[in-house]
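The values are calculated or read from the model by the stated rules, or taken from the named source; none is laboratory data. Bear in mind that the values here come from a model prediction, so they are computed numbers and not experimental data. With ideal geometry, Cβ positions are generated from the backbone for all residues, glycine too; neighbour counts draw on all protein chains shown.
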Amino acid sequence: MSPPRASRRGALPALAAALGIALLVAAVYLPSPRNGFVNWDDRAMIHENPGIHDLSWGSLVWMFTTDYMSAYQPLGWLAYASIRRLQGLDPKGFHLASLATHAAGAGVLFLVGLRLFGPGRCSWLGAAIAALLFGLHPLQVEAVAWATGLADLLGTLFFLLAFLLYLEASDHEGRGRLSWVGFSLASFAVSGLCRWKGVCLPVVLAAVSLWPLQRFGKAGRRTWAELGAFAALAAAVVGANVYAKVRGAGYGLDLRLAEAGSAAMLYAWKTIWPFDLIPLSELCAGGGASAWLPLGLATLVTAGLLAKRRAWPEALAVWLCYLAAVAPPFALKGPGPVFAQDLHAYLACSAFYLAAGAALSRGLSSIGSTGRTALLAMAAVVLAGLAVRTSRQLKVWKDSISLWTHTLAVDEASHPGRTNLAAALLKKDRYGEAVLHLREQLRRHPDDGVARFNLEQIVKQLGPVKPDLVHYHNNLGADLFQLGRPEDAAYHFTKALALDPRSADTHQNLAGALLELGRLDQAGRHYERCLALTRPSP
């Protein structure tokens, strides 16, 4: 049975609730406009992009015909160009646009949840939880805090609008339904022109048409025709991107499948355990049999849900929608290794958030008032915890140094992390620290031409640079402390003091880190040592 028709009288409260959710999400992300650009695609996509300097006719033609940066996203380029036209290259404008788009997406997801879960107070609560999970989960931070992610945010927003409009069409027949389906198709087209990752929409609509809309009965032929129109549009979007993304050779489809399986399981795990999130995690590093284990696990999950499809149709629908959303970034990737990015999970994990909201809605409707209170309290605690983690993750994206320092703290073997951190340190004239990272990069990857070139340039310009290990550990500790990692910070402050026990600044920094860790006695001793070193001689 399809969800009951939403009353017109209930539309205004629903919109008000959606607005409230959007404002709450925006409040959590309010620090993000203070962040800067980072040296990971922001320069190429925004600073040095030849086509977004203005909104001239020539620029518009470029946007709709280019495959710049291996992407066909004309409306994404138009968004960047419009922001640049309004306020120049100040990162604040790009971050504000991302914040507003993400908050709006959370509001639309709430309305989608209402349409899927049906009327009633429990459904409202379930839809609100789903929307807040979407808005506040730390896995979403990369897409919002990274200026380059704006195109993905816009694509997801119009994807959700297309989904909502199709659900609205389920309340209508004849020309009325045709109009709503047309609006949905138009929104889907806009989504594809912003960014191509929403091409999974036909699969999502087929899943909800099967359950809960149950439209493959008397209206089956009409439903197939509608889905065919969405599939044709998705094929056009894919076709526009294939040439841009799959022009090389040397990386087989078999390994692409293994990478997609690894990413699917990784994002599912990060949804449950959103800690130590970094921008780039290499998938299937080194190949071998172990690279296929995640794909095997994903296959087992799929087979199990297919076997239980009559008992758990909702779970099967959610899982298939998730896989359909995860697959495109890996299917449309050119040659070379692929890295997992939280950005790719932004839309895909919406399936899990809606599933959690549906489960909560069903649970609330089947238990007494005491149980409802306890369940809602648990949900509130989880959401509060996610909001705190999101606030901390936003600090990671403050600038390039904080981003890659955090990356190396989580994964010291990260190739792009060390390369990009060295580049960021060079830009800040922190040559000694940059040299240390470049040498370490060459030790791990002797064939890294970029690291070798940068090191040679430093020597050519400045002569042999003697790395200052004291400043290296002290500065690294300070960066880690700002990122909310006092344990790691204390480790590096201790290393700095081992090299220079008379550094008052390092004693003070270590005392602050120990105080944050609750080690009051140790912190006090280092504060006393700092005062002794800075006290004027009698």
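Give Ala186, Ala225 a once-over and let me know the one that is out of contact with any helix residue (DSSP H, G or I) (no Cβ under 6 Å at 6 or more places or on another chain), farther than 21 Å from Ala351 by Cβ, modelled with pLDDT of 95 or more and in a helix (DSSP H, G or I). Explain how you work it out, then say what you get.
Numbers: Ala225 fails: modelled with pLDDT of 95 or more.
Result: Ala186 is the single residue among Ala186, Ala225 that is out of contact with any helix residue (DSSP H, G or I) (no Cβ under 6 Å at 6 or more places or on another chain), farther than 21 Å from Ala351 by Cβ, modelled with pLDDT of 95 or more and in a helix (DSSP H, G or I).
Can you spot a residue in the range 242-264 that is in a helix (DSSP H, G or I), of a type in the set (Asp, Glu), in contact with a strand residue (DSSP E or B) (Cβ under 9 Å, 6 or more places away or on another chain) and at pLDDT below 85? I'd like the intermediate steps shown before the answer.
Residues of the range 242-264 in a helix (DSSP H, G or I): 242-245, 253-264.
Next, only the ones that are of a type in the set (Asp, Glu) stay: 254, 259.
Restricting the remaining residues to those that are in contact with a strand residue (DSSP E or B) (Cβ under 9 Å, 6 or more places away or on another chain) gives 259.
Now restrict to residues that are at pLDDT below 85: 259.
Yes, the range 242-264 contains a residue that is in a helix (DSSP H, G or I), of a type in the set (Asp, Glu), in contact with a strand residue (DSSP E or B) (Cβ under 9 Å, 6 or more places away or on another chain) and at pLDDT below 85.
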### Task
Tally the residues that are among the small types (Gly, Ala, Ser) and out of contact with any Lys or Arg (no Cβ under 9 Å at 6 or more places or on another chain), restricting the search to the range 466-506.
5
### Task
Mind telling me which of the residues Leu165, Leu157 ends up being at pLDDT 95 or above and either surrounded by 24 or more Cβ atoms within 10 Å (Cβ to Cβ) or closer than 16 Å to Leu193 by Cα (or both)?
Leu157
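Inspect all residues belonging to the range 447-466 and state whether any of them is touching a residue at least 60 places away in the same chain (Cβ under 8 Å) and more than 21 Å from Thr419 (Cβ to Cβ).
Pass one, the range 447-466, residues touching a residue at least 60 places away in the same chain (Cβ under 8 Å): none.
Taking every residue of the range 447-466 in turn, none turns out to be touching a residue at least 60 places away in the same chain (Cβ under 8 Å) and more than 21 Å from Thr419 (Cβ to Cβ).
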#### Entry: Residue satisfying condition, being within 19 Å of Arg485 (Cβ to Cβ), under 21 Å from the mean Cα position of the chain (by Cα) and assigned to a helix (DSSP H, G or I), within set Leu354, Leu383, Leu403
Leu403
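Within the range 417-429, can one find any residue that is over 27 Å from the mean Cα position of the chain (by Cα) and on the phi > 0 side of the Ramachandran plot? Steps first, please.
From the range 417-429, those over 27 Å from the mean Cα position of the chain (by Cα) are 426, 428-429; that's our starting set.
Next cut, on the phi > 0 side of the Ramachandran plot only: 429.
The answer is yes; a qualifying residue exists.
Restricting attention to the range 417-432, and to residues there that are among the charged types (D, E, K, R) and part of a helix (DSSP H, G or I), which single residue is surrounded by the fewest Cβ atoms within 10 Å (Cβ to Cβ)? Steps first, please.
First, the residues of the range 417-432 that are among the charged types (D, E, K, R): 418, 427-430.
Those left that are additionally part of a helix (DSSP H, G or I): 418, 427.
Numbers: Arg418: 24, Lys427: 12.
If we take residues in the range 417-432 being among the charged types (D, E, K, R) and part of a helix (DSSP H, G or I), then Lys427 is surrounded by the fewest Cβ atoms within 10 Å (Cβ to Cβ).
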### Task
Go through the range 157-199 and count every residue that is touching a Pro at 6+ places or on another chain (Cβ under 9 Å) and among the β-branched types (Val, Ile, Thr).
1
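Name the single residue that is surrounded by the most Cβ atoms within 10 Å (Cβ to Cβ) among those in the range 509-525 being assigned to a helix (DSSP H, G or I) and of a type in the set (A, V, I, L, M).
The first filter runs over the range 509-525 and keeps only residues assigned to a helix (DSSP H, G or I), leaving 509-516, 520-525.
Narrowing further to those that are of a type in the set (A, V, I, L, M): 510-511, 513-515, 520, 523.
Details: Leu510: 29, Ala511: 23, Ala513: 26, Leu514: 24, Leu515: 16, Leu520: 11, Ala523: 19.
For the range 509-525, the residue satisfying everything is Leu510.
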### Query
List, please: which pairs have Cβ atoms under 8 Å, are six or more places apart or on different chains, and start with a residue in the range 308-320 that is assigned by TED's automatic domain parsing to the domain that holds Leu347 and surrounded by 19 or more Cβ atoms within 10 Å (Cβ to Cβ) and end with one that is at pLDDT 85 or above and among the charged types (D, E, K, R)?
Leu316/Lys308; Leu316/Arg309
### Message
Going residue by residue through the range 457-469, is there one that turns out to be of a type in the set (Gly, Ala, Ser) and part of a helix (DSSP H, G or I)?
### Response
no
### Query
Looking at the range 202-222, which of the residues that are more than 29 Å from the chain's Cα centre (by Cα) and of a type outside the set (Gly, Ala, Ser) is modelled with the lowest pLDDT?
Lys218
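Taking Thr506 as the residue in question, decide whether it is in contact with an Asp or Glu (Cβ under 8 Å, 6 or more places away or on another chain), part of a helix (DSSP H, G or I), over 27 Å from Phe275 (Cβ atoms) and not assigned by TED's automatic domain parsing to the domain that holds Val38. Can you show your working first?
Numbers: in contact with an Asp or Glu (Cβ under 8 Å, 6 or more places away or on another chain): yes; part of a helix (DSSP H, G or I): yes; over 27 Å from Phe275 (Cβ atoms): yes; not assigned by TED's automatic domain parsing to the domain that holds Val38: yes.
Considered against the rule, which asks whether it is in contact with an Asp or Glu (Cβ under 8 Å, 6 or more places away or on another chain), part of a helix (DSSP H, G or I), over 27 Å from Phe275 (Cβ atoms) and not assigned by TED's automatic domain parsing to the domain that holds Val38, Thr506 comes out as yes.
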### Message
Let me spell it out: the conditions are (1) over 16 Å from Ala127 (Cα atoms); (2) surrounded by fewer than 18 Cβ atoms within 10 Å (Cβ to Cβ); (3) assigned by TED's automatic domain parsing to the domain that holds Asp276, and Asp411 meets all of them except one. Which number is the exception?
### Response
(3)
### Task
Scan the range 354-381 residue by residue and report those that are of a type in the set (Val, Ile, Thr) and either surrounded by 15 or more Cβ atoms within 10 Å (Cβ to Cβ) or over 24 Å from Glu314 (Cβ atoms) (or both).
Thr370, Thr373, Val381
